[in-house]
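All remarks here apply to the structure that follows.
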Amino acid sequence: MASWTQPQPEQGGYMPVYEPGPSAPYAQVERNYPPQYGNGDVKSPYEGDRFKPRKRVNDPIFLILFVAVFAGFCVLSGIAISEWINEGGLGGGLGSGSTGTGVTLNYHTVYLLLLVTAAGLLLATIYLMLTRAFTRMIMHFTLILSILLNIGICVYYWITKYYSGAIIFTIIAIFSILSYWGYRSRIPLASLLLQVIMDVSKHHPSVYFVSFAALIIQAGLSVWFTFTAIATYAKWTPGNPTCGSGSSCSSGKVAGLIFFETFAYLWTSQVIGNVALATLAGGPYGCWYYFGPREQGQMPRHPTTSAFARASTFSLGSIAFGSLIVTLLDILRLLFQALRNNADQEGNPVGAILACCAECFVACIEGMVQYFNRYAYIEIALYGKPYIEAAKDTWRLFTDRGIDALVNDQLVGMTLAWGAYAVGMLSSLFAYLYLRYTHPSYNADGQYTAPVIFFAFVIGAQCLMTLSSAIEAGVSTIFVGLGEDPQVLAYRAPELFGLIASIYPQVVQGVPRV
């Protein structure tokens with residue numbers, strides 16, 4: 001179990017040392033870094049407007065654009081869903097006795113997705129508990145599982161003669177095998193990082209409150225988007241009963257509206273998750289790093305509330321700016337995916353290979369931007385910077401500290417990502433069994449089984465991804481604090497600092513702020 005110990009006062013008294021939970025013995029460091037705020041080498045927690053940024057709205061153009069897009073989605077959704085309901089698009093209830101009509105998806109599916117969300121929450125909580133108890137074992141398992149999955153996909157694509165995907169995944173499989181030993185050597189440090197953050201979270205219930213709140217909002221948004229898309233198809237697709245006799249229905253109109261709805265959904269989803277990340281980084285995690293445990297009275301009052309207020313008002317435009325970049329890359333990746341599928345159907349292997357390569361390239365860029373943005377949002381949360389300024393400081397942090405040290409952060413993310421995949425698969429299995437044993441009328445021929453299972457997988461995976469984002473926010477916040485004030489971590493978690501210092505001595509020297 002983790003413990004909070006009160007050391008003997010030195011030089012006016014200093015804050016308690018956090019000692020992480022059970023792990024193999026690591027090199028201890030001498031506690032020569034008491035946080036002498038106001039003098040000595042250690043900076044004040046409020047240095048550089050940290051935790052007390054100037055009250056100004058950053059990146060207002062992107063804030064206005066985001067609000068306009070979300071408002072447009074709300075109006076479009078209201079029109080489509082209201083008319084769809086009036087035409088009998090909903091009906092049914094919970095269980096096998098109230099499946100509604102055979103028109104289309106209805107309340108039966110709403111209840112199903114709500115049950116999937118509940119199951120996803122339960123499974124995500126269990127996975128996090130197991131990860132805390134068996135951290136290293138699960139990290140080894142997920143690392144090996146990632147390699148086996150890459151090899152399995154590669155072999156499957158070669159067998160099915162899907163050569164474009166086979167070539168790409170062959171390269172990925174070879175790279176993952178070669179990277180195994182490097183990743184494996186980093187597991188002790190990554191597991192200790194994960195244990196420290198999970199133990200800090202245990203002492204700050206607001207971490208899980210923010211995570212669950214974001215999760216509920218994300219799940220509600222997913223269900224809302226699902227039914228908005230269904231209602232849009234039903235209302236404006238030519239030949240549907242709800243289309244009517246007017247000339248406003250067309251396939252092009254449906255495609256355009258679905259594109260806008262998807263764009264609005266992805267952008268809003270990104271913003272919700274990143275507001276939660278900024279709230280946690282600027283609240284419990286950042287305050288623990290710079291002020292120590294709240295029991296000592298050094299931490300500001302209501303740090304989570306203050307961080308959320310900053311993230312959802314003055315910094316919302318900056319968060320929307322960074323989220324828009326990822327959303328555009330996500331849309332571009334989906335377009336290349338559609339081109340690849342179309343080329344496959346037309347028997348054009350060259351076009352399929354080119355589209356697949358473009359899709360993988362965009363996906364890699366998207367992953368790097370998401371990873372980079374996480375640190376930029378932490379800078380925004382701590383200092384209230386505009387997005388461009390935060391991005392510049394993040395890049396300076398990366399180049400000065402070295403990307404290699406941050407691989408440990410990525411290893412933690414890989415562990416949690418595999419958990420999200422497992423929870424998503426179990427949630428989709430639950431949805432399949434529910435459909436099979438309740439026999440809803442709208443799914444008599446099984447035509448809705450695939451989309452319902454797909455959305456169940458997305459919701460289940462999103463459950464753990466949202467919860468794990470809280471853990472990843474803590475890991476990344478430690479790296480940001482380590483880059484700016486490494487001696488503080490030597491005092492907060494000496495075991496962790498000692499291991500980092502022994503492996504990455506350049507990381508614990510501190511980045512000079514210009």
**Prompt:** Which of the peptides 270-281, 207-218, 74-85 is most tightly packed, and how do the rest follow, judged by the mean count of other Cβ atoms within 10 Å per residue?
**Reply:** 270-281, 207-218, 74-85
**Request:** Sort 138-148, 320-330 for me by packing, meaning the mean count of neighbouring Cβ atoms within 10 Å per residue, highest on top.
**Result:** 320-330, 138-148
**Asked** Hey, with R₀ at 25 Å, roughly what FRET efficiency would LEU178 and ILE365 work out to, going by the Cβ-Cβ distance, to 0.05?
**Response** 0.70
**Asked** So what is the accessible area of region 170-281 per residue, in Å², with the probe set to 1.4 Å?
**Response** 39
**Average accessible area per residue (Å²) across region 444-493 - probe 1.4 Å, nucleic acids and ligands excluded** = 25
**Asked** Can you tell me the accessible area per residue over region 289-363, all protein chains present, probe 1.4 angstrom, in square angstrom?
**Response** 49
**Fill in**
Carbon plus sulfur, as percent of the 1.4 Å-probe accessible area of region 281-380, comes to 65
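The values are calculated or read from the model by the stated rules, or taken from the named source; none is laboratory data. Predicted model, so just to flag it, every value in this text is computed and none were measured. Glycine gets a Cβ as well: all are built from the backbone with ideal geometry, and neighbour counts include every protein chain shown. Please note that ligands, DNA and RNA were not included when accessible areas were found on the heavy atoms of the full protein model with its side chains. Shrake-Rupley method; radii C 1.70, N 1.55, O 1.52, S 1.80 Å.
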